[in-house]
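Take a look at the structure set out below.
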Amino acid sequence: MLTTKTNNRARRRHQRRRKPEIWKLRLYVAGQTLRSIRALANLKALCEQHLKGRYQVEVIDLLKHPQLARGDQIVALPTLVRKLPVPVRKIIGDLSDTRGVLVGLELRERG
Amino acid sequence: MAQNKKANNTSSRTLPKAPTGIQGLDEITWGGLPRGRPTLVSGTAGSGKTLLGLEFLVRGATQYNEPGVFMSFEEPVQDLAKNAASLGFDLDRLVAEKKLFLDHVFIERSQIEETGEYDLDGLFIRLADALQRVRARRVVLDTIEALFGELSNPGILRAEIRRLFSWLKKKRVTAVITAERDHPNGLTRHGLEEFVSDCVILLDHRIREEVSTRRLRIVKYRGSTHGTSEYPFLIDEHGISVLPISSLRLDHEAPAQRISSGIPDLDGMLGGKGFYQGSSVLISGSSGTGKTSIAAHLVEAACRRGERCLYFAFEESPRQIIRNMRSIGIDLEPAVRKGLLEFHAARPTYGGIEEHLTLAHKLVSRSQPRVVVVDPVTNLIVVGAQHEVRSMLTRLIDFLKARQITAIFTSLTVGGGPPEASEVAVSSLMDTWLLLQSIEVGGERNRRLYVLKSRGMRHSNQMREFVLTDHGLRLPDVYLGPEGVLTGSARLSQEVREKAADTVRRQALESRRRELERNRQIFEARLALLRAEFETEEEKIQQSISESELLREKLAQDRTLMVRSRKADSPSGSKEGRAPGPRAG
């Protein structure tokens, strides 16, 4: 855990120096459910606040493209996948717990 | 769905079933798993859950035209294919033919963060997509409980799994859901049995005295009869086989070929040809009556014909059997050396009755014998209760019959009581029953044999004495005394008496024959004398005949000469006139 922390710190310093790095995010949902709408709203708010100007969000509706679920090993919905920067991170749920999402995206330290 | 109805008119009227195609499993479930419903297969690690699921799908795809989806939560697809290949299943080909779809569901715990509400719709969508791709009728989820280790909210998981099962029912796919069992009281670690109420199968893998046995038990099967005991099962290169094999059905072949018992006299008692190939033979008798000897005869004869034999020795070691049989002139050694005869000796107590059955099954499958001897079958009773032994024997006999293997069981009867009663448990399963007795008459113990039953042939009803000689077993001719068949010295003395009487008769005959010969000689001598006399007479007469002939010729010549000397006469006159001869003139 300690090493992860230092790595994260190092990466953030690194990012600050050589920005802007584009964050590629992908949100998997199944149809226009309340939960998926909420998840997308939460994600947008969060990105605007923390990643303004350096993020791309792709929303994938698995009801339309079910075959895409396998590639990212999607089980639970909604799932947010951080494709970039590597390593891949996944956050499941409606993203209502902002603090948890930030930790999951490594925008904030755990604890 | 029409398909559901159509496929099931053969099985029980209450519940449509989907045959698994797994050897033995369809027998004990009376037709298969509940069609269109989930079945829970629970078992400890390594008990064969995944393979059972795989075979269910492979058989479905290849034998019943029901494509399937395998959703693995543990093993990657490549590993599955590799494991399946060890059972002789080619998953890649089935996948290519769109008869099978494999999906590996995998959540990397360290990659994932849970925030707020979620559901498992992703899983549902993947499964729905997979089902639709191959038009699946069967699904295996192996092991969905793995999700509990990957996602932290058991409340959501349980609710979602419950929803998944009812979704599967709605989709009318026959599903196998595997679950891990980690302690002997519960069925599954996370209580999945709550959600699957139709059919629960428990797998078990035990190791006792270094012999591992897999067992299968149907804990519950709502709305259907099913076998309730623990059935041993095997996993080999042909997949899974649960061991009742065909014990609930009676549909073996009944070959008409006969197999010699190796004892010509005994063959004679069995309609002149011996046992039927593929029949089961019980040889029972008290200790020391020669059961093993009779079995050894058959084995030796079979090996001489080049047939393979498998000998389960539960009482004596193979070396001892070989030595003892040599003393009656049966040498089993060459057959062993040639690999035709294989002994398997074990203490009957080394394992449970299923272990014996499993082992027998394995060995028979491996060496493909024509004859199997279990000597003695009674020793197994030590291990199991009477009914267990019976059920095991039934399975074994069925298994051997299905392969048309002749089976010889020896059985030790305990003194007292009618011998027919003491083997009630097994005798009815046997086609032929030879009973050996030792009888005490005149201070001797002799052996007697008779064929108590032999289905499908005209067998002798006679009680025969048999003796073990240096040249094998022999059934001497029967001597009936006032108290039945004579044995031992009584027979011998009777034999001697009969021999003496026979000698007398033969001598009388001989002397008459000699007399006749003598008479013939005398008569012929007389005949020769008469002929000699006659020949002498004949000679005399012949001589006088030829003398008078000669005289006549001489006279004729003289007359001719005289005519020539009287030339004056016309030649014709000489012919006509009967001139008197010179001597007469």
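The values are calculated or read from the model by the stated rules, or taken from the named source; none is laboratory data. What you see is a predicted model, and the numbers here were worked out from it, not measured in a lab. Cβ atoms come from the backbone with ideal geometry, glycine included; neighbour counts cover every protein chain shown.
Evaluate the range B:38-51: report whether one residue or more is within 14 Å of chain A (Cβ to nearest Cβ), surrounded by fewer than 19 Cβ atoms within 10 Å (Cβ to Cβ), in contact (Cβ under 8 Å) with a residue 12 or more places away in the chain and more than 36 Å from the chain's Cα centre (by Cα).
Of the range B:38-51, the ones within 14 Å of chain A (Cβ to nearest Cβ) are none.
Checked the range B:38-51: no residue is within 14 Å of chain A (Cβ to nearest Cβ), surrounded by fewer than 19 Cβ atoms within 10 Å (Cβ to Cβ), in contact (Cβ under 8 Å) with a residue 12 or more places away in the chain and more than 36 Å from the chain's Cα centre (by Cα).
Checking the condition within 23 Å of the chain's Cα centre (by Cα), over 24 Å from B:Ile28 (Cβ atoms), at pLDDT 90 or above and polar (S, T, N, Q), which residue from B:Thr406, B:Thr378 passes? Reasoning before the result, please.
Working: B:Thr378 fails: at pLDDT 90 or above.
Testing whether each residue is within 23 Å of the chain's Cα centre (by Cα), over 24 Å from B:Ile28 (Cβ atoms), at pLDDT 90 or above and polar (S, T, N, Q) leaves just B:Thr406.
Can you tell me which residue in the range B:278-292 is nearest to the chain's Cα centre (by Cα), limited to those that are of a type in the set (S, T, N, Q), closer than 23 Å to B:Gln404 by Cα and not in a strand (DSSP E or B)?
Looking at the filtered set, the residue picked out is B:Ser279.
Buried (at least 17 other Cβ atoms within 10 Å of the Cβ), within 22 Å of B:Met392 (Cα to Cα) and either under 21 Å from the mean Cα position of the chain (by Cα) or at pLDDT below 80 (or both), is that true of B:Ser247? Steps first, answer last, please.
Numbers: buried (at least 17 other Cβ atoms within 10 Å of the Cβ): yes; within 22 Å of B:Met392 (Cα to Cα): yes; either under 21 Å from the mean Cα position of the chain (by Cα) or at pLDDT below 80 (or both): yes.
Taking the combined requirement at face value, the residue satisfies it.
For B:Ala295, state whether it is under 21 Å from B:Asp265 (Cβ atoms), in the same structural domain as B:Leu400 (by TED's automatic domain parsing) and assigned to a helix (DSSP H, G or I).
On the way: under 21 Å from B:Asp265 (Cβ atoms): yes; in the same structural domain as B:Leu400 (by TED's automatic domain parsing): yes; assigned to a helix (DSSP H, G or I): yes.
Criteria met by B:Ala295.
Check the range B:514-528 and report whether any residue there is without any contact (Cβ under 8 Å) to a residue 24 or more places away in the chain, farther than 30 Å from B:Arg448 by Cα and of a type in the set (S, T, N, Q). It would help to see each step written out before you state the result.
To start, the set of residues in the range B:514-528 that are without any contact (Cβ under 8 Å) to a residue 24 or more places away in the chain comprises B:514-528.
Still in the running and farther than 30 Å from B:Arg448 by Cα: B:514-528.
So of that shortlist, the ones also of a type in the set (S, T, N, Q) come out as B:519, B:521.
Scanning the range B:514-528 turns up at least one residue that is without any contact (Cβ under 8 Å) to a residue 24 or more places away in the chain, farther than 30 Å from B:Arg448 by Cα and of a type in the set (S, T, N, Q).
Checking B:Gly223 against (1) at negative phi; (2) among the small types (Gly, Ala, Ser); (3) part of a loop (DSSP other than H, G, I, E, B), which single condition isn't satisfied?
B:Gly223 satisfies every listed condition except (1).
Mind listing whichever residues of the range A:62-111 are at the interface with chain B (Cβ under 7 Å from one of its Cβ atoms), surrounded by fewer than 21 Cβ atoms within 10 Å (Cβ to Cβ) and of a type in the set (Lys, Arg)?
Those that are at the interface with chain B (Cβ under 7 Å from one of its Cβ atoms), surrounded by fewer than 21 Cβ atoms within 10 Å (Cβ to Cβ) and of a type in the set (Lys, Arg): A:Arg70, A:Arg89.
Looking at the range B:67-83, can you tell me whether even one residue there is under 14 Å from B:Val173 (Cα atoms), within 12 Å of chain A (Cβ to nearest Cβ) and assigned to a strand (DSSP E or B)?
Going through the range B:67-83, the residues under 14 Å from B:Val173 (Cα atoms) turn out to be B:67-71.
Filter once more, so that each one left must be within 12 Å of chain A (Cβ to nearest Cβ): B:71.
Now narrow it down to the ones that are assigned to a strand (DSSP E or B): B:71.
So far as the range B:67-83 goes, yes, one or more of its residues are under 14 Å from B:Val173 (Cα atoms), within 12 Å of chain A (Cβ to nearest Cβ) and assigned to a strand (DSSP E or B).
When you check B:Arg222 against the structure, is it surrounded by 21 or more Cβ atoms within 10 Å (Cβ to Cβ) and either farther than 22 Å from B:Leu393 by Cα or modelled with pLDDT of 80 or more (or both), yes or no? Talk me through it step by step, then tell me what you get.
On the way: surrounded by 21 or more Cβ atoms within 10 Å (Cβ to Cβ): no; either farther than 22 Å from B:Leu393 by Cα or modelled with pLDDT of 80 or more (or both): yes.
So B:Arg222 does not fit the description; no.
For B:Lys169, which of the numbered conditions (1) under 24 Å from B:Asn83 (Cα atoms); (2) out of contact with any Leu (no Cβ under 6 Å at 6 or more places or on another chain); (3) more than 10 Å from chain A (Cβ to nearest Cβ); (4) touching a residue at least 24 places away in the same chain (Cβ under 8 Å) fails to hold?
(1)
Kindly indicate whether B:Val95 is closer than 15 Å to A:Ala76 by Cα and surrounded by 15 or more Cβ atoms within 10 Å (Cβ to Cβ). Steps first, answer last, please.
On the way: closer than 15 Å to A:Ala76 by Cα: no; surrounded by 15 or more Cβ atoms within 10 Å (Cβ to Cβ): yes.
Against the criterion (closer than 15 Å to A:Ala76 by Cα and surrounded by 15 or more Cβ atoms within 10 Å (Cβ to Cβ)), B:Val95 does not qualify.
How many residues, within the range B:25-72, are over 25 Å from B:Arg126 (Cβ atoms), among the aromatic types (Phe, Trp, Tyr) and in contact with an Asp or Glu (Cβ under 8 Å, 6 or more places away or on another chain)?
The qualifying residues number 0.
Could you list all residues from the range A:1-51 that are at pLDDT below 90, within 13 Å of another protein chain (Cβ to nearest Cβ) and surrounded by 12 or more Cβ atoms within 10 Å (Cβ to Cβ)?
Selection gives A:Thr4 alone.
Can you report the number of residues in the range B:132-149 which are within 19 Å of B:Phe195 (Cβ to Cβ) and either within 11 Å of chain A (Cβ to nearest Cβ) or of a type outside the set (Asp, Glu) (or both)? Please lay out each step first, then the result.
Of the range B:132-149, the ones within 19 Å of B:Phe195 (Cβ to Cβ) are B:138-149.
From what is left, the residues that are either within 11 Å of chain A (Cβ to nearest Cβ) or of a type outside the set (Asp, Glu) (or both) are B:138-141, B:143-144, B:146-149.
The qualifying residues number 10.
If B:Thr292 satisfies every condition in (1) surrounded by 18 or more Cβ atoms within 10 Å (Cβ to Cβ); (2) under 17 Å from B:Ser454 (Cβ atoms) but one, which is the exception?
Exception for B:Thr292: condition (2).
Only residues that are part of a helix (DSSP H, G or I) and at the interface with chain A (Cβ under 7 Å from one of its Cβ atoms): list them for the range B:111-127, please.
Filtering the range B:111-127 down to residues part of a helix (DSSP H, G or I) leaves B:111, B:121-127.
If the condition is that a residue be part of a helix (DSSP H, G or I) and at the interface with chain A (Cβ under 7 Å from one of its Cβ atoms), then B:Gln111, B:Asp121, B:Gly122, B:Leu123, B:Ile125, B:Arg126 are the ones that fit.
Could you look through the range B:129-140, keep only residues that are touching a residue at least 24 places away in the same chain (Cβ under 8 Å) and touching a helix residue (DSSP H, G or I) at 6+ places or on another chain (Cβ under 8 Å), and pick out the one that is surrounded by the fewest Cβ atoms within 10 Å (Cβ to Cβ)?
Going residue by residue through the range B:129-140, those that are touching a residue at least 24 places away in the same chain (Cβ under 8 Å) are B:130-131, B:133-140.
Keeping just the survivors that are touching a helix residue (DSSP H, G or I) at 6+ places or on another chain (Cβ under 8 Å) gives B:131, B:136-140.
Working: B:Leu131: 20, B:Ala136: 25, B:Arg137: 26, B:Arg138: 28, B:Val139: 24, B:Val140: 27.
In this case the residue turns out to be B:Leu131.
Taking the range B:46-66, which residues are part of a loop (DSSP other than H, G, I, E, B) and in contact with a helix residue (DSSP H, G or I) (Cβ under 6 Å, 6 or more places away or on another chain)? Give the steps one after another, and end with the answer.
Going through the range B:46-66, the residues part of a loop (DSSP other than H, G, I, E, B) turn out to be B:46-48, B:64-66.
Answer for the range B:46-66, where residues must be part of a loop (DSSP other than H, G, I, E, B) and in contact with a helix residue (DSSP H, G or I) (Cβ under 6 Å, 6 or more places away or on another chain): just B:Glu66.
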